[in-house]
Amino acid sequence: MRELFGTDGVRGTANLHPMTAEMALRIGAAAGCHFHREDGGSHRVVIGKDTRLSGYMFENALTAGLTSTGMDVLLLGPVPTPAVGLMTRSMRADLGVMISASHNPAPDNGIKFFGPDGFKLSDQAEAAIERLIESGVEPAPAEGIGRAKRVDDARFRYGERIKASLPRGLGLRGLRVVIDCANGAAYRAAPEILWELGATVIPLGVEPDGFNINRDCGSTSPEAAAKLVVERGADVGICLDGDADRVILIDEQGRVADGDQLMALLAIRHAAAGRLAGRALVATVMSNLGLERHLSAHDIALERTAVGDRYVVERMREGGFNLGGEQSGHIVMSDHATTGDGLMAGLHFLAEMVASGRRAGELLRQFEPVPQLLRNIRYSAGEAPLEAAGVKAAIAESEAEISGRGRLLIRRSGTEPLVRVMAESEDEVLMQRVVERVIAAVERSGA
C-alpha cells in the first residue's frame, strides 16, 4: 500500500509532511539503497529541479540521503522534467530525480523518480522505496560515502536532444512565437532553443524569483499569453507549466487549444506518414469523447488509461505505441522522449505549421469537442469523501441517468486533496444536473 507516492511522485506543501527536509533525506537514502548496485557498477544519480525557493532545501536533503548510501550525485540545476529522464539514460545513471510540483503553486513541491532507462518508476518500485523509508536503511561506511558534483551544461545537452527530434534542416524563420515559461524550469532553455531555430521569440514568464512559478502564467493560466499573442501579432503561443512537461497552445487570434486538439493533429499526421505505431493514440479517461470519435473516423484507435502521464507511458510501452498524452497538455513522443515534454510537443506543432503552410488556428481546430464540465472540490486531510454512503448513492444515480447519453467520471486527484467530477454530454442540462448532484453529496459528506 503506497501512502507517500501519488500519481506523480511525492508532493505537498513545503515544510509540511511529507514534504519536509527530514523526509526528503529519508526518501533519498531509501531510493539510494534500492538502486545501489552490488556488482561494482556505477552508483550515479542525476537531480534536476524547477525554480521554487524550496528546491534548494530539497536538493540538499536528497543529496545528503543519496550520498549517505554511496550514490554519486550529479546536480543539473533548473531543467525541465523531461531533461532529467533523458539525462538519466544518457549519463548511464542508476536513478534520476526531479524536484518539482509541476503546475502546482509555489508553496508546494514534489519529488519524482526516473529509473536507469529514463522512464518514471513503476508503482512496485515506489512501494519498495516506501517500505525502506519505513524500515530505515543502513548507511554506507565512511569510505563509501558518495560525492556530489554540479553539471553546468545540462540545459544545452537537453536543447541539442530536443532539436534533434525535429526534421533535419527545419527552420522557424518568419514565425513570431510567444513562449510562456511559467517562471519555471524552462525559463532559459525554451527561449534559447526557439531563437536558435530562427523564430522571433516573445518571452513571458522568464523572471523566476522562487515564488512566482505558475502564478498567473503558464499552461494553467494562459490568458496573459493569449493577450500577448494578439497584442504583438504573433503567429502562435506556447504555454509551458512549471516543470515544462506539459503544453497548451494558443492560435493567432488568442484562442486556447488543449492537449486533445494537439494529440489529434499529431496522431493523424503520424498515421498519414506511416509513423503511428499500432495506429493508435494512448490518452487518459479525461480526454474528450470528441477526440475518440474523430480518431475513429480516421481509422485510429484510442487507448484510454488512468489519469497520469506515467500510466500513459506504461500503456505505450506495453502495447508498443509511440504517441500518447493527456488533455492537460502532457504529450509523450516516445520515439524521442521518455515522458511528457511540453517544449518538444510545441516545437513539433511549429514544424507542422512550417510544413503545411497553415496558420495555427486551422491546425488547432481538429474536432468539435463534446461539451464537458469539470468541477473540483477540495477536502480536508484524513477525509475519504468518495467512501461516504450518500456520495456513493449520488454517483450511482448520476451514472444511471447519463448512461447512453454521455459519460461521468469521478476521481480523487493524485497530486492535491481534490475530488474531480467530470461529465460529458451533448445534453448540457443533463450534464450540469449530474455533476451538481455529485458535488452536493461530496459537500454534505464533509459538513
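The values are calculated or read from the model by the stated rules, or taken from the named source; none is laboratory data. Since this is a predicted model, take the numbers as computed values, not measurements. Quick reminder, even Gly has a Cβ in these numbers, built from the backbone with ideal geometry, and neighbours come from all protein chains shown. Surface areas here come from the heavy atoms of the whole protein model, side chains and all, with no ligands, DNA or RNA. Shrake-Rupley method; radii C 1.70, N 1.55, O 1.52, S 1.80 Å.
What to note about this one:
- Pairs of lysine residues in the chain that meet both criteria, 8 or more places apart or on different chains and Cα atoms under 16 Å apart, total 4.
- Spatial extent of the chain: Rg and Dmax, with the Cα atoms as the point set, Å: 21.9, 69
- Alpha-carbon centroids, segment 263-337 and segment 39-112: separation in whole Å: 28
- Rolling a 1.4 Å probe over the heavy atoms of the protein chains gives the chain an accessible area of 41 Å² per residue.
- In loop segments of segment 309-369 as defined by DSSP, the trypsin sites (Lys or Arg not before Pro) with at most 12 further C-beta atoms inside 10 Å of their C-beta are Arg358.
- Between the amide H of Leu172 and those of Gly198, Ala199, distances stay under 5 Å, these residues lying 5 or more places away or on another chain, with hydrogens modeled in the peptide plane.
- Average Cα contact separation per residue, the chain, under 8 Å, 6 or more apart, as relative contact order %: 13
- Whether segment 87-143 is rounded, prolate or oblate, judged on the alpha carbon gyration tensor where a/c under 1.5 counts as rounded: oblate
- Under the combined filter of DSSP loop state and at most 14 neighbouring Cβ atoms within 10 Å, segment 392-447 retains these trypsin sites (Lys or Arg not before Pro): Arg405.
- Relative to the Cα centre, the charge distribution of segment 48-121, modelled as +1 at Lys and Arg Cβ and -1 at Asp and Glu Cβ, gives a dipole magnitude of about 120 debye.
- Anisotropy class of segment 257-309 from Cα gyration tensor, a/c 1.5 cut: prolate
- Taking the accessible area of segment 165-245, probe 1.4 Å, and keeping the other protein chains in place, the carbon and sulfur fraction comes to 48%.
- Percent accessible area from carbon and sulfur atoms, segment 305-447, protein chains only, probe 1.4 Å: 47
- Contact order for segment 279-332, expressed relative to its length and based on alpha carbon pairs under 8 Å spaced 6+ residues apart, stands at 43 percent.
- For segment 1-99, the share of DSSP beta bridges that are antiparallel, to the nearest 5, is 15%.
- Segment 1-101, accessible surface, carbon-and-sulfur percent (1.4 angstrom probe): 52
- Relative contact order of segment 348-447, defined on C-alpha pairs under 8 angstrom at six or more residues apart (%): 34
- Dipole of the chain, positive end: most advanced residue of Val282, Tyr379, Gly361 [Cβ charges, Cα centre]: Gly361
- Residue-averaged 222 nm ellipticity for the chain, from DSSP H runs of 4+ at -39500 (n - 2.57), nearest 500: -11500 deg cm²/dmol
- Packing-based ranking, highest mean first, of 22-28, 324-330, 269-275, 126-132 given that Cβ atoms within 10 Å are counted: 324-330, 22-28, 126-132, 269-275
- When the Cα gyration tensor is reduced to axis lengths a ≥ b ≥ c, the ratio a/c is 1.5 or higher for segment 297-366, and with a/b above b/c it is classed as prolate.
- Top of Ile133, Ile402, Ile268 by mean-square fluctuation, Gaussian network on the chain, Cα under 10 Å: Ile402
- Positive-end residue of Ser100, Gly136, Ile179, charge dipole of the chain with Cβ unit charges: Ile179
- Alpha-carbon centroid distance for the pair segment 425-447 / segment 187-225, whole angstrom: 37
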